[in-house]
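The values are calculated or read from the model by the stated rules, or taken from the named source; none is laboratory data. Everything quoted here is computed from the prediction, not taken from an experiment. For neighbour counting, all protein chains shown are included, and Cβ atoms are generated from backbone atoms with ideal geometry for every residue, glycine included.
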Amino acid sequence: MFNPSTITIERSAYASNLSFIKAHLNGARMCSVVKGNAYGHGLKAFVPMAMEAGVDYFGVYSADEAHALLRSVEDRPDVFVMGMVDDDALDWAVEQGVECCIQDLARLERALVAASRTGRPARMHIEIETGMHRTGFTSKEIPQVISLLREHASEVELVGLFTHFAGAESSVNDDRVGAQIARYASARGRFERSGLIPRYAHQACSAAAMNFPGTIGNMARIGIMQYGFWPNPETWLRYSLLHDTPVDPLRRTISWKSAVMALTDVPVGGMIGYGTSCEALRDMCVAVVPVGYAHGFDRGLSNTGRVLIRGQIARVTGIVNMNAISVDVTDIEGVEKGDEVVLIGHQEEQSISVASFSELSEQLNYGMLTRLPSDIPRLVIDRT
Ligand SMILES: Cc1ncc(COP(=O)(O)O)c(C=O)c1O
């Protein structure tokens, strides 16, 4: 193996998540959010697999992600850049028919220039600022946006009118999200009364689709749930109480594996690894696994992380190094160099979830997944 570890994506788990999500979208189109290297799953492996499963619309953050996505597929899906497109990238995006988020007047004007320069309409999603205070047009700016869009109707394809919620996963934010929903409805009314009807009026991410189904409309931007994770435990709890189901319908699609690189005996009293954070309280045997914080195995997992070897849990001993960890295999019989090590996933009866992994290091699923480096090989497999 050239690489110290491999990530696999399970096709059947993805198909199962997709059918669960679609059953809750009431026929709305799903835009599969694949920013952050498909939430760490690997854009190049994930997108063709998702397309085979019937997904034909993808949301990315930036023009370079859109570019990478289009290079990874043969048939062209619809692509929506939800965040950053600078001036040069706008020309490329308009030419390629890539949909872009338009969030301020400078970008709107620049998109109109790109449309007249390339002779193709700019495919726009107008973002409305409704209370997240990040990006989007404020209520005051809307009249100017409307008049520019009407004046340049032939250079514009109004694909979307959208907003993004500031925390639809937690009920503490319900009032804030409720106010966002009302502001969005008002903005949409102003556009529609001016004759500007977007093809998609969209607001919902995973959490909103579950907790505020009224926001789904005719399109939803779904990220984390398609990969098999709830946005947070509260959203799962709300769902399970509402639907009276104790069984989580989502399935993790990702697994991450490595192999034992070396075995070392440590006599009682010996310090393991850098410094003095871990002393052997008995004669021990540690297995060295060639995965460290440079590979996305968080340093916060020092002396707390867990991996699986021979179907048993092995605890991280000592500090997570840049490129390696040591794990305690004293009580695991017969461990040999080359044995499979599961960092995320299951082995025999045991399993390490992303949640347990990220809770131990105080990261969210989102953060932990997107920090998995892009150079770890990704393989799509039918079943783990
Ligand atoms: C604008 C926008 N829409 C949708 C999503 C998808 O969110 P989730 O992964 O929670 O479904 C994101 C993710 O951060 C986003 O920034």
Task: Single residue of region 237-253 satisfying the filter (farther than 30 Å from ALA45 by Cβ and of a type in the set (A, V, I, L, M)) that is farthest from the ligand (Cβ to nearest atom) - done: LEU241
Open item on the list: Within region 218-236, does at least one residue satisfy the condition of being more than 14 Å from the ligand (Cβ to nearest atom), assigned by TED's automatic domain parsing to the domain that holds GLY131 and of a type in the set (Val, Ile, Thr)?
Closed with: no
Task: strands (runs of 3 or more DSSP E) within region 47-144 that include 1 or more residues of a type in the set (Lys, Arg) - done: 122-127
TODO: Go through the residues of region 80-88 one by one and say whether even a single one is in contact with a helix residue (DSSP H, G or I) (Cβ under 6 Å, 6 or more places away or on another chain), within 17 Å of PRO198 (Cβ to Cβ) and among the aromatic types (Phe, Trp, Tyr).
DONE: no
- [ ] Might you let me know whether region 332-342 holds any residue that is closer than 29 Å to ASN17 by Cα, touching a strand residue (DSSP E or B) at 6+ places or on another chain (Cβ under 7 Å) and buried (at least 19 other Cβ atoms within 10 Å of the Cβ)?
- [x] yes
Open item on the list: Can you tell me which condition ASN3 does not meet? The list is (1) assigned to a helix (DSSP H, G or I); (2) within 30 Å of VAL291 (Cβ to Cβ); (3) away from the ligand (no atom under 14 Å from the Cβ), and all the others hold.
Closed with: (1)
Open item on the list: Can you tell me which residue is nearest to the ligand (Cβ to nearest atom) among those in region 189-217 that are assigned to a helix (DSSP H, G or I) and surrounded by fewer than 21 Cβ atoms within 10 Å (Cβ to Cβ)?
Closed with: PRO213
Task: Among (1) under 24 Å from PHE191 (Cα atoms); (2) within 16 Å of the ligand (Cβ to nearest atom); (3) out of contact with any Cys (no Cβ under 8 Å at 6 or more places or on another chain), the one test that HIS125 misses - done: (3)
- [ ] Among the candidates ALA168, ALA179, ALA185, ALA153, single out the residue that is more than 16 Å from the ligand (Cβ to nearest atom) and either more than 30 Å from the chain's Cα centre (by Cα) or buried (at least 17 other Cβ atoms within 10 Å of the Cβ) (or both).
- [x] ALA153
Open item on the list: Cβ-Cβ under 7 Å, sequence separation 6+ or interchain: first residue in region 54-76 and within 12 Å of the ligand (Cβ to nearest atom), partner part of a helix (DSSP H, G or I) and of a type in the set (A, V, I, L, M, F, W, C). Which pairs?
Closed with: PHE58/VAL47; PHE58/LEU69; VAL60/ALA66; VAL60/LEU69
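A quick yes/no check of all residues on (1) touching a Ser or Thr at 6+ places or on another chain (Cβ under 7 Å); (2) not assigned by TED's automatic domain parsing to the domain that holds GLU279; (3) not β-branched (Val, Ile, Thr):
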position: VAL316; (1), (2), (3): yes, no, no
position: MET322; (1), (2), (3): no, no, yes
position: VAL327; (1), (2), (3): yes, no, no
position: VAL335; (1), (2), (3): no, no, no
position: GLY338; (1), (2), (3): no, no, yes
position: GLN347; (1), (2), (3): no, no, yes
position: SER351; (1), (2), (3): no, no, yes
position: GLU359; (1), (2), (3): no, no, yes
position: PRO377; (1), (2), (3): yes, no, yes
